[in-house]
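Working notes, structure below.
The values are calculated or read from the model by the stated rules, or taken from the named source; none is laboratory data. The structure presented is a predicted model; accordingly, all values stated were derived computationally and were not measured. Don't worry about glycine lacking a Cβ; one is built from the backbone with ideal geometry, like all the others, and counts go over all protein chains shown.
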Amino acid sequence: MKDSSLRSILITGGTGFIGSHTCLKLLEKGYFLYVVDSFINSSPKVLRKLEELFPQGSEKFNQQFNLIEGDIRDSTVIENIFINSINQNRCIEAVIHFAGLKSVEESLLNPSLYWDINVGGSIALVKVLEKYNCRTIVFSSSATVYNSISDSPLSENCEVRPCNPYGETKATVENILRSLYKNKRKDWRVINLRYFNPIGAHSSGVIGEDPIRKTNNLFPYLSKVASGNKEVLKIFGNDWPTFDGTAIRDYIHIMDLADVHCLALEYLLQKEESRFLCLNVGTGKGTSILELLKTYEIVNSCKIPFIYVDRRPGDIAISFAKTELATSILNWKPKFDISDMCRDGWNWQKLNPCGYQ
Ligand code: NAD
Ligand code: UDP
């Protein structure tokens with residue numbers, strides 16, 4: 001296999017939460033990155049933060065990391081990136097496709113925006129990939145593609161039947177990629193990574209999660225309550241059929257998730273023939289909201305005031321992954337546990353109370 005230092009990769013949405021942490025890992029491995037982002041939910045300041053963390057200095061960083069502001073729906077932006085890569089003799093060989101919107105709540109209020117960006121953007125992207133014979137892609141899918149009644153652990157064979165527009169857009173992009181793969185003459189190599197609940201931050205506290213758009217995910221909110229930025233955590237329901245009445249999720253450390261992307265990419269780049277895989281990415285362990293909250297308090301010696309409120313519409317009691325497929329195919333195991341996630345998430349929050357501002 002070619003040395004990764006000779007490989008060029010296109011990263012869409014690479015300044016976002018998962019993208020930025022993955023870029024750092026890829027840079028450390030020597031990949032040459034073309035990162036495209038519209039900054040609809042991230043900050044260009046991530047660039048300097050990644051540079052700060054890059055062990056080999058600014059000159060090498062600037063060689064390896066190319067940031068392009070642009071929208072994936074604009075095919076000229078993506079085409080120009082390919083043309084540049086060819087002119088620089090660094091032809092792009094694969095894509096990690098993070099770009100998209102991710103709020104279930106917002107997708108219910110504005111479904112057409114989600115179809116436009118998540119599906120329209122992906123179609124525009126793959127058209128350019130076809131044109132430039134780049135047919136290796138790792139796609140950010142989600143556990144929300146599963147139906148809401150399957151019992152956990154959720155395996156990749158569980159029924160795909162999302163119950164909100166966000167999940168529908170993810171399932172649709174998976175289907176588009178499956179359809180491309182079925183055209184055997186073209187040899188598409190595809191991995192859809194179905195993430196469960198990524199949380200935490202890089203252990204340095206230099207990069208972390210800082211969404212610009214409104215989000216109502218648990219972990220960033222919990223961190224804001226811990227720092228005094230928000231008064232109280234509202235726990236959505238204490239009458240779920242779980243051991244302590246609060247909902248159970250499968251939290252995974254963001255750096256473990258970044259590792260999974262590197263492994264998925266390496267796996268595809270090593271394969272000669274076409275491939276299509278859907279892989280769950282979680283730890284396989286369920287943690288209740290109260291367990292997460294208590295761990296956060298203990299690990300970080302802080303207090304998180306909370307109240308119980310009604311269940312959030314559309315939520316489910318329990319969701320955690322069956323992870324054997326990803327573990328065996330990628331030869332991967334998570335390194336970090338819930339305590340690590342809470343420690344690193346708090347470190348990021350403490351050092352950056354206003355995010356990247
Ligand atoms: P994020 O919002 O932090 O990152 C997404 C990035 O894509 C942002 O930097 C945003 O500016 C960019 N982007 C959005 N639309 C764009 C467009 N049209 N053109 C160019 N750039 C665009 O989100 P994240 O948490 O890093 O998630 C990355 C991907 O993983 C998303 O596709 C999301 O749906 C998926 N995902 C996330 C989670 C999660 O809990 N974080 C779970 C499952 C799946
Ligand atoms: N949750 C909560 N309070 C909040 C945000 C979320 O109790 O302020 C709950 C939510 O109902 C769910 C769990 O925390 O049971 C994880 O929610 P998140 O939105 O982070 O992830 P997802 O629901 O997509 O798994």
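Scanning the range 266-276 for residues that are closer than 12 Å to V190 by Cβ, out of contact with any Leu (no Cβ under 8 Å at 6 or more places or on another chain) and not polar (S, T, N, Q), we see that the one that is modelled with the highest pLDDT is L268. Of the residues screened, G120 is not one that is part of a loop (DSSP other than H, G, I, E, B), within 16 Å of ligand 1 (Cβ to nearest atom), within 27 Å of I40 (Cβ to Cβ) and not hydroxyl-bearing (S, T, Y).
Restrict the check to the range 143-150 and report whether at least one residue is outside any helix (DSSP H, G or I), buried (at least 20 other Cβ atoms within 10 Å of the Cβ) and within 16 Å of ligand 2 (Cβ to nearest atom). So far as the range 143-150 goes, yes, one or more of its residues are outside any helix (DSSP H, G or I), buried (at least 20 other Cβ atoms within 10 Å of the Cβ) and within 16 Å of ligand 2 (Cβ to nearest atom). In the range 326-343, which residues are over 23 Å from R213 (Cβ atoms) and surrounded by 17 or more Cβ atoms within 10 Å (Cβ to Cβ)? Answer for the range 326-343, where residues must be over 23 Å from R213 (Cβ atoms) and surrounded by 17 or more Cβ atoms within 10 Å (Cβ to Cβ): A326, L330, W332, P334, F336, I338, D340, C342, R343. Cβ-Cβ contacts under 6 Å between residues 6 or more apart (or on different chains), taken from a first residue in the range 282-294 that is closer than 18 Å to S152 by Cα and within 16 Å of ligand 1 (Cβ to nearest atom) to a second residue that is in a helix (DSSP H, G or I) and of a type in the set (A, V, I, L, M, F, W, C), are listed as T287/I338. Residues in the range 338-357 that are of a type in the set (D, E, K, R) and within 21 Å of the chain's Cα centre (by Cα): D340, R343, D344.
Just to be sure, is E130 in a strand (DSSP E or B) and more than 20 Å from the chain's Cα centre (by Cα)? It is false that E130 is in a strand (DSSP E or B) and more than 20 Å from the chain's Cα centre (by Cα). Regarding the range 11-31, can at least one residue be identified that is within 16 Å of ligand 2 (Cβ to nearest atom) and surrounded by fewer than 17 Cβ atoms within 10 Å (Cβ to Cβ)? Among the residues of the range 11-31, not one is within 16 Å of ligand 2 (Cβ to nearest atom) and surrounded by fewer than 17 Cβ atoms within 10 Å (Cβ to Cβ), which makes the answer no.
Tell me which residues, restricted to the range 101-123, are over 20 Å from the mean Cα position of the chain (by Cα) and not hydroxyl-bearing (S, T, Y).
Looking only at the range 101-123, we keep the residues that are over 20 Å from the mean Cα position of the chain (by Cα), and these are 108-112.
Selection gives L108, L109, N110, P111.
Do we have any residue at all in the range 121-140 that's within 21 Å of G284 (Cβ to Cβ), free of Cβ contacts under 8 Å to residues at least 12 places away in the same chain and surrounded by fewer than 18 Cβ atoms within 10 Å (Cβ to Cβ)? Among the residues of the range 121-140, not one is within 21 Å of G284 (Cβ to Cβ), free of Cβ contacts under 8 Å to residues at least 12 places away in the same chain and surrounded by fewer than 18 Cβ atoms within 10 Å (Cβ to Cβ), which makes the answer no.
With a requirement of 1 or more residues that are in contact (Cβ under 8 Å) with a residue 60 or more places away in the chain, the helices (runs of 4 or more DSSP H) lying completely within the range 44-107 that satisfy it span 46-53, 75-87. Summed over the range 6-61, the residues that are among the aliphatic types (A, V, I, L, M) and either on the phi > 0 side of the Ramachandran plot or within 14 Å of the chain's Cα centre (by Cα) (or both) give a count of 3. Inspect the range 151-171 for any residue being aromatic (F, W, Y) and either free of Cβ contacts under 8 Å to residues at least 60 places away in the same chain or away from ligand 1 (no atom under 16 Å from the Cβ) (or both) and give the result as yes or no. Checked the range 151-171: no residue is aromatic (F, W, Y) and either free of Cβ contacts under 8 Å to residues at least 60 places away in the same chain or away from ligand 1 (no atom under 16 Å from the Cβ) (or both). When the strands (runs of 3 or more DSSP E) confined to the range 208-326 are screened for residues that are of a type in the set (F, W, Y) and near ligand 2 (Cβ under 10 Å from one of its atoms), those reaching at least 2 such residues are found at 306-309.
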